[in-house]
Amino acid sequence: MPTAPQVHSPLDFEEARRIVIQTVRSLRKENRAESVRLDESYGRVLAESALADRDYPTLRRSLRDGFAVKSANVPGALTVRGEVRAGEVEQAPLSDGEALEIMTGAPVPDGADAVVMVEHVLRQDNKVKIDRAAEPGQFINTRGAEAETGAVLIPAGTRLDASHVATLAMTGNVSVPVIRRPSVAILATGDEIVSIDEKPAAHQIRNSNSYMLAALVRSTGGAATILQVARDTRNALQPLLEEGLKHDLLIVTGGVSAGKYDLVKPALRDLGVQFHFERVRVQPGQPTAFGTRDDMPVFGLPGNPGSTLITYQLFARPALELLSGQADPILPLLSARFEAPFRHKLGLTRFLPARLSPDGQHLRHIPWKGSSDVPALAKANVFLVAEHDRETWDTGDSIRVMLKP
Ligand code: AMP
Ligand code: MG
């Protein structure tokens with residue numbers, strides 16, 4: 001069991017993220033593989049490295065539409081002996097004074113050592129006039145230039161994107177070995193929370209977190225189980241937490257702040273969970289708690305949906321990425337320029353709803369009423385990342401931006 005000391009002073013989000021990543025990497029976990037059809041492999045994590053099944057390309061291939069020539073024959077006028085189309089196997093070797101019309105992707109005939117682009121020739125009947133010199137090898141991919149047989153094309157532990165799906169298709173993988181989805185328990189807590197099919201009284205709110213988290217977990221490659229909402233008592237919490245601790249990852253929302261009925265952390269401690277941090281210098285999401293019991297990570301995320309979303313993205317996502325076998329969790333941040341001046345209070349790094357322009361360059365802050373403001377979250381397409389040590393930004397100043405999950 002990792003026995004990091006409890007950290008009471010708030011951490012920067014980068015440091016908290018590092019602790020999550022280090023801790024989860026150190027846990028003993030077995031990655032069980034399963035096989036899925038290629039068309040269902042997108043977003044899954046590859047269990048075994050994918051290798052080149054043959055040389056790519058397997059023949060010398062033309063990179064342009066044009067004429068296959070001997071470079072020593074140009075500049076000059078050549079006789080066009082015929083054509084080679086993609087999908088055809090070439091004929092007799094090229095002789096001096098000859099050219100073969102060739103299409104992109106077609107095999108370059110023996111004897112030819114360059115391709116001249118169709119745009120750079122003058123064609124007259126069966127003659128072609130070429131005014132400029134050709135470098136030997138120009139516009140030809142030699143056999144194995146892209147990859148040689150047996151080369152690792154995609155290392156195990158890669159989350160498969162569309163280019164990986166193309167690579168797997170190219171190498172003839174009808175089915176793909178991927179790592180099983182980790183099982184993630186989601187537990188919402190709070191006396192005021194009712195299920196989404198109930199009509200809430202004025203003092204109650206529907207459980208949006210569990211569904212949002214299930215969507216986030218699914219998008220991270222996990223399989224979510226939504227547990228029944230726990231009331232704010234030790235008796236109600238304990239059996240549900242115990243249930244949650246049977247999965248590969250437990251995410252609890254609500255009940256982690258300093259209120260009298262915030263009982264999640266003491267209840268988790270009673271069940272043997274050790275906390276690695278309990279506060280992060282971010283807003284929303286300051287009271288985020290991360291702990292482990294044996295080899296099982298546990299998150300206590302603050303209950304307001306804005307806090308839950310941001311803290312999932314910053315801290316729980318990398319944990320789940322690692323548990324799902326992904327080798328390297330990354331947090332992609334872009335940069336954009338403010339369309340209008342912006343200011344915030346020093347001290348906390350704030351992740352605030354914002355709207356990025358269609359060209360991806362300009363940013364507008366969306367007014368929001370705090371971390372319970374789900375409608376503002378829904379209007380955003382990104383979060384701006386206002387550093388804790390900078391107060392003001394002018395129009396045109398750039399700022400980091402986190403993509404919305
Ligand atoms: P807590 O972190 O328990 O102090 O909760 C903070 C606020 O988050 C509460 O006042 C609720 O309004 C809201 N909240 C807590 N849990 C949920 C949930 N499952 N779905 C939507 N909002 C929630
Ligand atoms: Mg609560």
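Structure notes:
- Calculated from backbone phi, Karplus (6.51, -1.76, 1.60) coupling profile of region 96-110 in Hz, x at Gly/Pro: 4, x, 10, 9, 10, 5, 9, 9, 3, x, 7, x, 7, x, 4
- Put the Cα centre of region 193-268 next to the Cα centre of region 288-344 and the gap is 17 Å.
- Projected label distance in nm at residue 203 and residue 89, using a 7 Å step from Cα toward the beta-carbon: 8.3
- To the nearest 10, the accessible area of residue 398 is 50 Å² with a 1.4 Å probe.
- Per residue, the accessible area of the chain comes to 48 Å², computed with a 1.4 Å probe over protein heavy atoms only.
- Protection proxy ranking of 203-214, 30-41 - average other beta-carbon atoms within 10 Å, highest first: 203-214, 30-41
- Distant-in-sequence amide contacts of residue 50, defined by a placed amide H-H separation under 5 Å and a gap of 5 or more residues or a different chain, comprise 153, 154, 156.
- Highest average first, the peptides 318-324, 19-25, 344-350, 169-175 ordered by how many other beta carbon atoms sit within 10 Å of their residues are 318-324, 19-25, 344-350, 169-175.
- Reachable lysines, given that their alpha-carbon falls under 25 Å from the alpha-carbon of residue 246 and they are not under 8 places away in the same chain: 29, 265
- Between the amide H of residue 127 and those of 80, distances stay under 5 Å, these residues lying 5 or more places away or on another chain, with hydrogens modeled in the peptide plane.
- Helix axis angle, 13-26 relative to the chain longest principal axis, alpha carbon, degrees: 80
- Fully extended contour minus Cα-Cα distance, from residue 238 to residue 151, at 0.36 nm per residue: 26.2 nm
- The chain: angle of helix 234-244 to the longest principal axis, Cα-based, in degrees nearest 10: 20
- Once backbone amide H atoms are built at 1.01 Å from N, residue 64 has 105 as its partners under 5 Å, excluding neighbours fewer than 5 places away on the same chain.
- Modelled label positions at residue 14 and residue 392, each set 7 Å beyond Cα in the direction of Cβ, lie 2.6 nm from each other.
- Globularity index of the chain, i.e. its alpha-carbon radius of gyration over 2.2 N^0.38 Å: 1.36
- The dipole here belongs to region 252-389: it is taken about the Cα centre, uses +1 on the Cβ of Lys and Arg and -1 on the Cβ of Asp and Glu, and is about 540 debye.
- With an a/c value under 1.5 for the gyration tensor axes a ≥ b ≥ c computed over the alpha-carbon atoms, region 178-337 is described as rounded.
- Axis angle, to the nearest 10 degrees, between helix 209-219 and the longest C-alpha principal axis of the chain: 20 degrees.
- When the helices of the chain are scored as -39500 (n - 2.57) per DSSP H run of n ≥ 4 and the total is divided over every residue, the value at 222 nm lands at -5000 deg cm²/dmol.
- Per-atom-type breakdown for the chain gives carbon and sulfur 49% of the accessible area (1.4 Å probe, protein chains only).
- Residue separation of residue 35 and residue 122 scaled by 0.36 nm, minus their Cα-Cα distance, works out to 25.9 nm of gained length.
- In order along region 297-314, the phi-based Karplus estimate (6.51 cos²θ - 1.76 cosθ + 1.60, θ = phi - 60°) of 3J(HN,Hα) comes to x, 9, 10, x, 9, x, x, 5, x, x, 5, 4, 4, 5, 6, 4, 4, 6 Hz; Gly and Pro are listed as x.
- Per-q log10 I(q)/I(0), region 1-154, q = 0.19 Å⁻¹ (Debye; single scatterer per alpha-carbon; no solvent): -1.08
- Computed from phi, the 3J(HN,Hα) profile of region 123-136 under the Karplus parametrisation 6.51, -1.76, 1.60 (θ = phi - 60°) reads 9, 9, 6, 9, 10, 9, 9, 10, 8, 10, 6, 10, 6, x Hz, with x in place of Gly and Pro.
- Positive-end residue of 153, 367, 167, charge dipole of the chain with Cβ unit charges: 367
- Peptides 93-99, 67-73 ordered by average Cβ neighbours within 10 Å, highest first: 67-73, 93-99
The values are calculated or read from the model by the stated rules, or taken from the named source; none is laboratory data. Treat the numbers as computed from the prediction; the structure is a model and nothing was measured. Don't worry about glycine lacking a Cβ; one is built from the backbone with ideal geometry, like all the others, and counts go over all protein chains shown. Side chains are part of the model used for accessible areas, which takes the heavy atoms of the whole protein and leaves out ligands, DNA and RNA. Shrake-Rupley method; radii C 1.70, N 1.55, O 1.52, S 1.80 Å.
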